[in-house]
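Below you'll find the structure, written out as structure tokens, and then a few comments.
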Amino acid sequence: MISRQGVADKILSVGRDVYNDIIKKMKKPSMKFPIRSLANVKYDPKAGYFEIRGKTATRTLSYNTVKAFAQTMRLLATTKKDLLDKNDIAGKREIYYNSKSWGECRFEAQPESDTLLDDMEAMLGVNREQIGYIPEERGGDVTGPLIVIDQNPVTGEVVKINCAKLGSGAWSIPSRVEHLKFESDAKFILVIETSSLFQRLVHHRYYETAKCVLISMSGVPTRACRRFIRRLADDRKLPVLVFTDGDPYGYCNIYRTLKVGSGQAAHINKFFCVPQAHYLGVTPQDILDFGLQDATHPLEEVDIKRAKDALKNDPFIKHHKEWQDTLNQMLKMGVRVEQQAFAKHGLNYVLDTYLPEKLKRGKFLP
């Protein structure tokens with residue numbers, strides 16, 4: 001991890017290059033940004049995540065780009081002076097409103113500032129949590145045999161949270177997790193897509209039976225959730241198993257993003273991906289093995305398009321024949337299945353039968 005001073009030095013270097021272009025070289029200044037898309041990544045199974053290739057976009061000061069160029073310079077200056085130099089933090093929404101004092105280069109809408117933040121993050125080669133930017137979204141919920149060692153942000157006093165003694169609730173992952181430490185005797189981490197199924201497992205204290213840490217993603221995992229899982233898995237050397245709905249979105253968006261990252265965030269995948277993750281279910285074969293044929297839904301046009309697009313363009317899917325076979329089997333069956341479908345056999349079938357059986361088999365998708 002680069003230090004805050006290291007990030008500040010990078011920003012100063014960008015500023016010096018722009019200054020030298022204008023004052024010493026008498027030419028239009030420009031800045032280069034890595035292109036953030038699936039077309040500019042490669043999947044290296046040894047590294048375990050999408051790595052960004054070398055394609056870049058150049059932003060040169062001109063009549064048409066003067067506002068975006070000025071916004072970039074103001075954002076870099078604000079980041080250094082207000083966050084790094086003062087050891088402060090800011091949300092993306094705050095940055096949008098902060099720009100209202102920037103005169104003609106203010107942002108007209110938050111998507112403008114969000115995109116520029118992503119560009120700046122990619123240009124500097126750091127994740128924005130290191131700089132002091134905090135995400136707006138929730139991080140996910142955790143319960144099970146895990147003690148999280150946090151600290152009081154004002155006094156520095158150590159705070160220990162026992163995630164096995166939270167009653168019927170769970171601990172919410174904070175927006176910044178780099179400082180956290182862990183104690184745990186769990187055997188693995190079970191990451192769950194839906195909060196309703198997570199709550200069922202918490203209600204019946206499944207983590208005691210399976211000796212696992214339970215983490216709820218509530219959809220595509222947030223940056224904080226991914227980073228927390230990665231740090232916990234690395235620190236305690238724990239396997240990670242992922243349990244999502246059985247549909248192309250669960251496979252190619254939720255699971256794939258957690259394991260190897262995404263094209264849009266390729267510049268930070270090395271921090272946020274979880275290469276040790278494996279996919280537990282629900283697979284198309286599970287529909288047959290666990291008698292769920294009458295608890296499925298027909299694939300919609302968007303599901304079919306997502307699956308075919310992944311088979312054709314996703315470097316992770318194209319690398320793993322197991323995933324190609326899974327998606328092709330789903331397309332052939334023409335159905336998708338939700339995690340809650342196991343309830344047709346009884347509300348607790350999922351924790352009494354499905355999960356124990358899948359764990360006993362020990363065969364997971366890469």
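The values are calculated or read from the model by the stated rules, or taken from the named source; none is laboratory data. The model shown is predicted, which means the values in this text are computed figures rather than measured ones. No Cβ is skipped: glycine too gets one built from the backbone with ideal geometry, and neighbour counts run over all protein chains shown. Only protein heavy atoms, including side chains, enter the accessible area calculation; ligands, DNA and RNA are left aside. Shrake-Rupley method; radii C 1.70, N 1.55, O 1.52, S 1.80 Å.
Here are the numbers:
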item: The range 135-261 - percent of accessible surface contributed by carbon and sulfur, probe 1.4 Å; result: 48
item: Positive-end extreme of charge dipole, the range 1-87 - chosen from P29, G48, A77 (charges on Cβ); result: P29
item: Over 31 Å between alpha carbons, listed pairs K270/K321; K25/K86; K92/K363; K270/K358; K67/K259; K237/K318; result: K25/K86; K92/K363; K67/K259
item: Paramagnetic reach from I2 in the range 76-93 [backbone N under 13 Å; point 7 Å along Cα→Cβ]; result: 80
item: Paramagnetic reach from Q285 (point 7 Å along Cα→Cβ, amide N under 17 Å) across the range 295-322; result: 320-322
item: K67 paired with D44, simple spin-label distance in nm, labels 7 Å along Cα-to-beta-carbon; result: 4.0
item: Amide H contacts of Q151 (H built 1.01 Å from N, under 5 Å, at least 5 apart or other chain); result: V159
item: For the range 169-266, alpha-carbon Rg relative to the globular expectation (2.2 N^0.38 Å, N residues); result: 1.05
item: Per residue value of the accessible surface for the range 65-209 (all protein chains in place, 1.4 Å probe), Å²; result: 47
item: Cleavage-rule hits, trypsin sites (Lys or Arg not before Pro), the range 172-278, DSSP coil, Cβ neighbours within 10 Å at most 10; result: K237
item: Projected-area average for the range 90-215 over all orientations - Cα convex hull basis, square nanometres; result: 10.3
item: Student exercise, the chain dipole from Lys, Arg, Asp, Glu Cβ charges, in Debye to nearest 20; result: 1260
item: Antiparallel %, DSSP beta bridges [both residues in the range 86-195], to 5; result: 85
item: Length added when fully stretched, E178-L359, from 0.36 nm per residue minus Cα-Cα; result: 62.1 nm
item: Alpha-carbon Rg with Dmax, taken over the chain, Å; result: 22.8, 75
item: Share, in percent, of DSSP beta bridges within the range 1-110 that are antiparallel, nearest 5; result: 100
item: Gain upon complete extension [H203, K27; 0.36 nm per residue less C-alpha separation]; result: 56.8 nm
item: Debye, to nearest 20: dipole size of the range 307-366, +1 on Lys, Arg Cβ, -1 on Asp, Glu Cβ; result: 180
item: Where a label projected 7 Å from the Cα of K100 along Cα→Cβ would reach, residues of the range 107-148 with amide N under 17 Å; result: 107-114
item: Cα centre as origin, Lys/Arg/Asp/Glu Cβ charges: the range 255-321 dipole, Debye; result: 520
item: Separation in nanometres of the label points that stand 7 Å from Cα toward Cβ, at D85 and D234; result: 3.1
